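First up is the structure itself, then whatever we jot down about it.
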């Protein structure tokens, strides 16, 4: 039992296996074999080509490892169905293709997932209903993010910054009309 519990602890002097430096942030990979502990720089470097590995970070406040670096999948253009325990992820390309199919042909998520299932594994062993439900949830999140991006809103609700280009046909003082345009244009034409 002691050996089993030791796997869930960082020990008295946590140090990174690769750079051998004692760090305040300790990470481990739950997918890799062994109990190797890394600093943040080394875990990112060693898992750069393994976006599907599950990384945990030591939380000294609660005294255990917690899931971390879930954005790693997103950076590899994979949208995970869950942030807590990702088991399923959909590529950005699949989400974009379904968006076109849905907009042009009014195809359903179930039909799209059934088609993908038949193209990749036509044995019938995969339950399409489960994947279609996950896909619908991810697609709703994807379309929400895309509409916010295209409308020029990103960040928190309190920090929406413009991301769109100004309309070149609209008058913009100092850009396509003079700054003193009020003085130049007669009053009846304003």
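A few notes on this one:
- Close pairs from the stretch 102-114: first more than 11 Å from residue 128 (Cβ to Cβ), partner assigned to a helix (DSSP H, G or I) and modelled with pLDDT of 85 or more, Cβ under 6 Å, at least 6 apart: 107/101
- 2 or more residues exposed (fewer than 14 other Cβ atoms within 10 Å of the Cβ) and modelled with pLDDT under 80: qualifying strands (runs of 3 or more DSSP E) within the stretch 1-111: 64-68
- Selection within the stretch 147-190: residues that are modelled with pLDDT of 75 or more and touching a helix residue (DSSP H, G or I) at 6+ places or on another chain (Cβ under 8 Å). The member of this set that is nearest to residue 89 (Cα to Cα) is 171.
The values are calculated or read from the model by the stated rules, or taken from the named source; none is laboratory data. These figures come from a predicted structure and were not determined experimentally. Backbone-built Cβ (ideal geometry, glycine too); neighbour counts: all protein chains shown.
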